[in-house]
Amino acid sequence: MIAPPDVAFLDVAPPDIGPPDIAPLDPADPVFARDPYPYYARLRDQGPAVRVPLANGTYAWLVTGYEPTRAVLADPRFSNAPPQGAGQPKGDSPAQRARACLGRHMLNADAPDHTRLRRLTTAAFAPRRVDALRQRIEELTAGLLREMVLRLRREGSVDLVDAFAFPLPVLVIGEVLGVPEADRADLREWTYRVGSPADALEPGAVDEAWSGLYGYFTELIARKRRAPGPDLFSALTQDATDGGLDDGELLAMAFLLLFAGYETTMNLLASASLLLLTHPEELAAARRDPGRWPAVVEETLRHASPLEGTTWRHTTQDVDLGEGVVIPPGASVLAVLAAANRDPRHFTEPDSFRPARYLAGHEGSRTAPHAAFGHGAHFCLGSRLARLEARIALPQLFAAFPRLHLTADPAQLPYRPGLLVRGPLSVPVTTAPLPAGTTVTA
């Protein structure tokens, strides 16, 4: 969960450039959140980037094609560092200090700062270390599925986001950060509150969660300095004189790894579950052939990109994207991964959910790699971990509940608002009674 920029970051100049007939975009509109793809398709047809008016009175350049998106993400003229003076002054409080710390993360940095910060975390996400988490992910998934069995017996239905897609990646990133098991219930609750709309909780609940996270990670840093362990966070608490992170950078890294570690995977698990429940033929095929699960994961990443857009960038000089599109210096730019992944020039029937396109020896051998994890210097460090979690958890879910089905119209399910992350807010399900004598184990 990386917050969108403040108004000061965005372009507030009058719309003197760009097509004049673009309707203002309201990322909070539930209709847009549920299906933004027709809007993105119209933008993509107009060129590599379009200057779009936003509902809050600002403007931004949206990049929606596959090739332009990859070009922008690899171009150092598009800076990730917020401009000088961006943002609005805020009162001091633990909650606001926590939010301010998050703003120092490496996604808001350019080289050389980004290079240094990324180098310090790369080893933690090396293939060997990620793959070593397999057994623990299997155990955590099984535990959540046992809880789902009890909730289904008690309540008759559950929300897959609340019971499965959200808690699993939070628990896994707790393993990576070295959060003691006894503390993970608090971490899960604080993270849930911070990721919820403020009006969905009691007054003050979000600020209380921010304060809890700030205080907890401050103490965790001190503990790891005194008694380091084999986890990533212990490795990051090396003395700053040795090229490590200072306390502010450590806090920023903790928040980034926590939110990035659960947000993408949560949306991946929720969207994949929903797609399989609404495409029973694909679910049946994966059940028959376990070798299809990786293709299901890849196609979900393409078809229902968990990251709708990248973090915001701004141009440091004129940038000519071709087709007569020149973005001026200081412009706010958003590369829309969800739109790039449905570019018909690179994906056959881009709006269809077709895992076979990513099967080796099938049409997948000709399918372009999706852009769900970004491209270039800021390519997602946790991509291997997200894939591993999904490849483990989804087969376990549908094996444990062979008669799982939705209890709501999928076309009416609410989606997360905004332009940066995308996934269903809830996936309510139940399970039909199994024939007598059938045993299900989670």
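Here are the numbers for the structure shown:
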read-out	value
Extreme residue, farthest from ILE22 (Cα to Cα), among residues of segment 32-73 that are of a type in the set (Lys, Arg) and surrounded by fewer than 21 Cβ atoms within 10 Å (Cβ to Cβ)	ARG70
Filter result for the condition that a residue is over 29 Å from VAL194 (Cβ atoms), of a type outside the set (S, T, N, Q) and in a helix (DSSP H, G or I), over ARG342, ARG287	ARG287
Answer residue from segment 353-365, given it is free of Cβ contacts under 8 Å to residues at least 40 places away in the same chain and not in a helix (DSSP H, G or I) and is surrounded by the most Cβ atoms within 10 Å (Cβ to Cβ) among those	HIS362
Condition broken by GLU323, with the remaining ones in (1) within 23 Å of the chain's Cα centre (by Cα); (2) in contact (Cβ under 8 Å) with a residue 40 or more places away in the chain satisfied	(1)
Of all residues in segment 150-185 being in contact (Cβ under 8 Å) with a residue 60 or more places away in the chain and more than 21 Å from GLN135 (Cα to Cα), the one that is surrounded by the fewest Cβ atoms within 10 Å (Cβ to Cβ)	GLY156
Pairs where the first residue, in segment 287-309, is closer than 17 Å to PRO36 by Cβ and the second is of a type in the set (Gly, Ala, Ser) and assigned to a helix (DSSP H, G or I), C-beta under 6 Å, 6+ apart	THR300/SER271; THR300/ALA272; ALA304/SER271; SER305/ALA338; GLU308/ALA338
Filter result for the condition that a residue is farther than 24 Å from PRO27 by Cβ, touching a helix residue (DSSP H, G or I) at 6+ places or on another chain (Cβ under 6 Å) and of a type in the set (Lys, Arg), over ARG354, ARG391, ARG345	ARG391
Flag if ASP16 is at pLDDT 55 or above and in a loop (DSSP other than H, G, I, E, B)	no
Long-range neighbours under 6 Å by Cβ, at least six apart or interchain, first residue surrounded by fewer than 17 Cβ atoms within 10 Å (Cβ to Cβ) within segment 402-418, second among the polar types (S, T, N, Q)	ARG403/THR431; THR407/SER157; THR407/THR430; PRO410/THR278
Residues satisfying the stated conditions in segment 211-249, i.e. at pLDDT 85 or above and of a type in the set (A, V, I, L, M, F, W, C)	LEU213, PHE217, LEU220, ILE221, ALA222, ALA227
Qualifying position, being buried (at least 20 other Cβ atoms within 10 Å of the Cβ), of a type in the set (Gly, Ala, Ser) and farther than 29 Å from ALA123 by Cβ, among ALA386, ALA339, ALA368	ALA339
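The values are calculated or read from the model by the stated rules, or taken from the named source; none is laboratory data. Every value quoted in this text rests on a predicted model; they were computed, and no experiment measured them. Neighbour counts run over all protein chains shown; Cβ positions are idealised from the backbone, glycine included.
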